[in-house]
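A short write-up of the structure that comes next.
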Amino acid sequence: MLPILYSTIRGTLMARGKNKPGGTNRREFLAGTGAALAFGAVGGFAARISPAAVTPAANPAGRIVHNSSLCAGCGVCGLMCSLYHEKETIVALSRSELVREPFEGASSLNVCLQCLSPGCYQSCPRKDSALCIDRITGVKYVNHEKCDGCAKCTQGCPMKPARIKLNPDKKHAFKCDLCRGRDKGPICIEYCSQHALTVMRQNSGVQL
Amino acid sequence: MKNAAGWAGKILWVDLTKGKITTVPTTDFEPEKYIGGVGLNSRIFWELGVPKVAAFHPDSPLLIAVGPLTGAPGPFNRAEVCGIAPQAYPQELFAYSGIGGKFPTELKYAGYDGVVIVGKAEKPVYLLIEDASAAIKDARQLWGLDTFETQKILGASHAKASALTIGPAGENLCRFAIILNETASAAGQGGYGAVMGSKNLKAVVVRGTGAHKMANPDKFLSLVAERHAAGEWLAGGAQTWGRYPLCGEPIKEEMRSNYLKRFAGCHGCPYQCMGFYDMPGIGKGAQMCVEAWYGLINKGSAEGYWEGNILSQKLGINNYELLGIMTFVLAAVATRAVTRQDLGIASIPRIDHAQEPNFGSPAVHHEFLAALLNGIAQGKSPLAQGVARAAEKLGQGARRIYENQYPANGYLSHHLKNVASALHWATDTRDPFNSCHDYMYLGAFPSVADHFGVPSGDVQLKSDWVGTKVVYERAERTAVWVQNHQSLKNSLPLCEYASMPATFFHPPHMDIRIFESKILSAVTGIEYDVGRLWEAGERIWNLRRAIMVRRENRDRKSDALGHLWFERVVANEQSLAAPLERRQWEETVTRYYELRGWNPQTGRPTRSKLVALGMKNIADALSGA
């Protein structure tokens, strides 16, 4: 049974192709329904799910995991992130934040944990319109067109510093959405020359 | 040009004497023609009237510039420091030195293509740049501190900022003092740390929160994706010099297995060519190729190797000149050409029968290093002026040893192994260090050489890139090719490590200029084809030549190599296979001038050549000079 489940989800993910963030087309809807049927036990999956209903198994996209012992601290992840999403290289608009200590030879990466109980989503006054959860992958993402930049989500994020930030010029929130809709997956992982970034598929919701 | 992306659009102009800071539009210096980095700096130097002052004179400008590619992800994040270099010999020459680390991108994100610093502050100061605001701050508390300590203190008060700093060597006007960023990124050659010191400028601190804008980001991403697909983005294994010290086997193994903590490198670059080492009791820091200088002659211990490295970075001393000093001191003492008193260093190791430095116990070894480094950094030893000037004072025997190591312009030999690179040495204002790999690979790979119509087979990749034969034919073509390419690399900028033929962004079958022109077009929105790009490289080299002619009376006579290179094979594994033959050499120089479009008698760029390169303004001023 398990391999069948896996291939169904995988097929679903691949079928999504290049959907625009925030949009839901018929193909995705049907595919999502298929996944939900395959899971069986997850009732009402075709509707927008509530956080409580997200189980690890239904959250296959996972989250970015940073291996600080491999990381060289170059920051290509952040530059590529900003270039891909914002069409310009601006460190402040990168979805992840690299913290370097050049005299210690150490670095860490602040990036969204894709919480199972997402504070940003819960505090969003326009949830499911501005701050959404991908029905298939469980990724939390911002629909930039619908967000008015009230910043409640940044206060709702349990992490310090908050992993969802405000774009001061465009007046909307932004966060890591695992490059939702990008064929090759998250661009930071693709271009990390040190292999320090991976996606942890099974999201336990607990920080490593 | 008005709407071109890539460039930030302004240059910060700092007068330390008057305490005045202004900005100047980058467009005043024809950036579409001179790109950035060395090209832009040279153009600014020309606009300043090519000052004929000494390096430590207040009017001697310190020029720092990035290029249009700086700020984008990739091996583009370098700055070039230019100015009158105190290290050059027998006279100070206008030269350049590249630096990576975090500083270059921060400067671009702060909104500047360059910083021009003139004048001299009354008291020690540092320059603080935070996006649009810039200020001259009191640095009396920082004066005398080492480069690491200075950066840590500055980092505590200016979070996330990055700093160019000098150590005691620069403060004491040591002629080979470096400018350091973080632990191992330095503007090494030239002695620009001392130029900063002469201005009472301890540091340049910059924090930028702005953007690097591209005209065509999708095109840029697709070009990078092409290189990635060809396996050239993750080519981490090839950049091994810093990761694996150049020292001998036992120390190398010990460093790698016990002290290598992780890899490191410049901001935004995928190659991360450095190793970060942590040795308890001695210190932590990164290391790249030339920082391994001590390993080349140290037969002692890993501790001594690492102590030499960390101490020289902290004091702000050029590791590569230090290699020359170490070999000079050991040879001079061994042949009794000089005494300890002459050198102003109390403890100098004995040389044993095998002509290896014998350090005896680790204590002697450390004592020698500390005495040498501190003596140099505090200007107490004649060696603080560099080997060239020390040898002049220390007599004929010392002079002979110097000539053996230093082919031209007062710089230590490096990869002078074919006639083409000898030509480059003779016609540059410093060692062509950051182009030596082009010479290696052009000589070693017939496919690369054929592609560019240059001679091949005069360098062998096996046996440590030794020159195998002396080939004069078409050597001028190789030199011109590499010089134009070097000018581009130093101006786009593109890291030397990332642009070596046959590696990284430069597979053997591919003309790297195609990639360079495409990426520059994508970033700036100005259509550069290979021809236009190449013309820019040639233009930058001609502008530098015009500066040499106007400021330093450069002529055919001063385009010279030391006489030893015509007499015998200089005892160096990086040398020519046979001595140069005078008549053939002079013929090659003539062919080089002709290919350059310069006057073969004087070595001056002709007016028609400059006009053809779109440099009528330069030609007018040069003929009036």
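The values are calculated or read from the model by the stated rules, or taken from the named source; none is laboratory data. No experiment lies behind these values; they were computed from the predicted model shown. FYI the Cβ positions are ideal-geometry reconstructions off the backbone, even for glycines, and counts take in every protein chain you see. Side chains are part of the model used for accessible areas, which takes the heavy atoms of the whole protein and leaves out ligands, DNA and RNA. Shrake-Rupley method; radii C 1.70, N 1.55, O 1.52, S 1.80 Å.
Under the condition of being more than 28 Å from the chain's Cα centre (by Cα) and not in a helix (DSSP H, G or I), which residue from the stretch B:579-601 is farthest from residue B:428 (Cα to Cα)? Step by step, filter the stretch B:579-601, then rank; the result is B:581. The residues of the stretch B:139-158 that are within 11 Å of chain A (Cβ to nearest Cβ) and not β-branched (Val, Ile, Thr), listed by number, are B:148, B:149, B:151, B:152, B:155. With (1) modelled with pLDDT of 85 or more; (2) within 27 Å of residue B:402 (Cα to Cα); (3) not small (Gly, Ala, Ser) as the list, and residue B:280 as the residue in question, which single condition is left unmet? Only one criterion is unmet by residue B:280, namely (2).
For the stretch B:325-340, the set of residues classified as open to solvent by 40 Å² or more (accessible area, probe 1.4 Å) and either over 13 Å from residue B:372 (Cβ atoms) or at pLDDT 85 or above (or both) consists of B:334, B:335, B:336, B:339, listed by residue number. The set of residues from the stretch A:72-89 being open to solvent by 10 Å² or more (accessible area, probe 1.4 Å) and more than 13 Å from residue A:191 (Cα to Cα) comprises A:85, A:86, A:87, A:88. Scanning the stretch A:110-130 for residues that are open to solvent by 30 Å² or more (accessible area, probe 1.4 Å), in contact (Cβ under 8 Å) with a residue 60 or more places away in the chain and of a type in the set (Gly, Ala, Ser) turns up at least one hit. Of the residues in the stretch A:159-170, at least one is small (Gly, Ala, Ser) and surrounded by 19 or more Cβ atoms within 10 Å (Cβ to Cβ). Mind listing just one residue for me: the one in the stretch A:160-198 that is more than 14 Å from chain B (Cβ to nearest Cβ) and at positive phi and, of those, modelled with the lowest pLDDT? Taking the candidates together, the pick is A:181.
Is there a residue in the stretch B:26-41 that is more than 24 Å from residue B:266 (Cβ to Cβ), without any contact (Cβ under 8 Å) to a residue 40 or more places away in the chain and polar (S, T, N, Q)?
Applying the first criterion (more than 24 Å from residue B:266 (Cβ to Cβ)) to the stretch B:26-41 yields B:27-30, B:32-33.
Within this subset, residues satisfying the condition of being without any contact (Cβ under 8 Å) to a residue 40 or more places away in the chain are B:27-30.
Now narrow it down to the ones that are polar (S, T, N, Q): B:27.
Yes, some residue in the stretch B:26-41 is more than 24 Å from residue B:266 (Cβ to Cβ), without any contact (Cβ under 8 Å) to a residue 40 or more places away in the chain and polar (S, T, N, Q).
For residue B:172, all conditions in the list (1) over 28 Å from residue B:276 (Cα atoms); (2) modelled with pLDDT of 95 or more; (3) not basic (Lys, Arg) hold save one; what is the number of the exception? Result: residue B:172 passes all but (2).
Within the stretch B:65-85, one or more residues are open to solvent by 10 Å² or more (accessible area, probe 1.4 Å) and within 26 Å of residue B:226 (Cα to Cα).
Among the residues of the stretch B:210-230, those identified as open to solvent by 10 Å² or more (accessible area, probe 1.4 Å) and not in a loop (DSSP other than H, G, I, E, B) are B:213, B:217, B:218, B:219, B:221, B:222, B:225, B:226, B:227, B:228, B:229. Would a scan of the stretch B:187-209 turn up a residue that is in contact (Cβ under 8 Å) with a residue 24 or more places away in the chain, surrounded by fewer than 24 Cβ atoms within 10 Å (Cβ to Cβ), in a loop (DSSP other than H, G, I, E, B) and within 12 Å of chain A (Cβ to nearest Cβ)? So far as the stretch B:187-209 goes, yes, one or more of its residues are in contact (Cβ under 8 Å) with a residue 24 or more places away in the chain, surrounded by fewer than 24 Cβ atoms within 10 Å (Cβ to Cβ), in a loop (DSSP other than H, G, I, E, B) and within 12 Å of chain A (Cβ to nearest Cβ). In the set (1) within 14 Å of chain B (Cβ to nearest Cβ); (2) surrounded by 17 or more Cβ atoms within 10 Å (Cβ to Cβ); (3) closer than 20 Å to residue B:105 by Cα, residue A:95 fails one condition alone, (1).
Any chance the stretch A:124-139 includes a residue that's closer than 25 Å to residue A:194 by Cβ and in a loop (DSSP other than H, G, I, E, B)?
Just the residues of the stretch A:124-139 that are closer than 25 Å to residue A:194 by Cβ, to begin with: A:139.
With the extra rule that they be in a loop (DSSP other than H, G, I, E, B), the set shrinks to A:139.
Scanning the stretch A:124-139 turns up at least one residue that is closer than 25 Å to residue A:194 by Cβ and in a loop (DSSP other than H, G, I, E, B).
For the stretch B:254-291, the candidate set comprises residues that are of a type in the set (Ser, Thr, Tyr) and open to solvent by 20 Å² or more (accessible area, probe 1.4 Å); within that set, the residue that is nearest to the other protein chains (Cβ to nearest Cβ) is B:259.
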